[in-house]
Structure formats: structure tokens, C-alpha cells
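Note sheet for the following structure.
Derivation of every value follows stated rules applied to the coordinates shown; laboratory data play no part. From a predicted model like this one, the values you see are computed outputs, not experimental measurements. Neighbour counts run over all protein chains shown; Cβ positions are idealised from the backbone, glycine included.
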Amino acid sequence: MRNTARWAAALGLTAAAVCGPLIGAAVAAPGAAPSSLYAPSALVLTTGHGNDAASATPERAVTLNCAPSASGTHPAAPQACAELRGLGGDLGALKPADDVMCTKVYDPVVVTVQGVWQGKRLSYERTFGNACMKDAVGGTLFAF
């Protein structure tokens, strides 16, 4: 029994001696810290002509990251992120601008948004009658 206790003590001290510095280094290393205190917000936005996303060929796609700061390939990322924040990430709440008049020519444009908004999965698809109607609703969010 005495040998078992010695072995257990020796193994415990060895583990502490080997792993102790590693634990301290991991805690102190800047790369080991979480990369962000913000929930992820990374989206892919696409647009194309067609009646729905399944039948439309995407003509343009951009990325939009909003946390911790606005970035991505979207040409107006800060403004688009501000619009999303104002909507609370609910793209169904988008309303057309009051001062825009569009023709009734039917040339459908479909917009999709896929990704994560503040840590929650986001999937959005909407078909507009034409590009003018898309621009009237999307503001800077769909202006790419």
C-alpha cells in the first residue's frame, strides 16, 4: 500500500510539474483568449433575377460581418450593419421608402441572406417585382 501511495504522489507531482507551466502559459497567451466577446454576425447576401432563389442564378454576392466592427465585401458595410441593428436582425420588418416611386414592370429580383446574426441562424429570401422595388426596400443593405 505504501508503494501505491508513493507512485500516486509521484505521478501527481509529475503531472503538476509538466502541466502546470502549460496551463499558466495558455491563460497568459493572448492567442488563447477568446477572439471576441461579441456573438458572431457573419452573413452572405446574394441577388439575382428570377422568381425564387431555387430558380434564380445569383448575379452578385457579398459578405457582411458586423461584430465587433463592420467588414466584408459589402460596399457599404457600416451602413448595412447599422440598418440590421436598427431592425434587430429581423429582415421581415423591412419597409419600402415613402419617397420612392417605381414602375410596375415585372422583372423579378430575388435577394437571399444566409448566415448568423448575433449568434442566431438567419435565413431570408424575398422576391421583388423589379430592381427599383428592391432598392426602395433594402436601403444600403441590398445596395451591392
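Structure above, values below:
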read-out: Inter-site label distance for Lys95 and Thr57 at 7 Å from Cα along Cβ, in nm; value: 3.8
read-out: Val105-Ser123 pseudo-label distance in nm [points 7 Å out on the Cα-to-Cβ vector]; value: 3.4
read-out: Long-range HN-HN contacts of Leu122 with modeled amide H, under 5 Å; value: Gly115, Val116, Trp117
read-out: Lysines whose Cα lies under 23 Å from that of Lys104, excluding same-chain neighbours fewer than 8 positions away; value: Lys95, Lys134
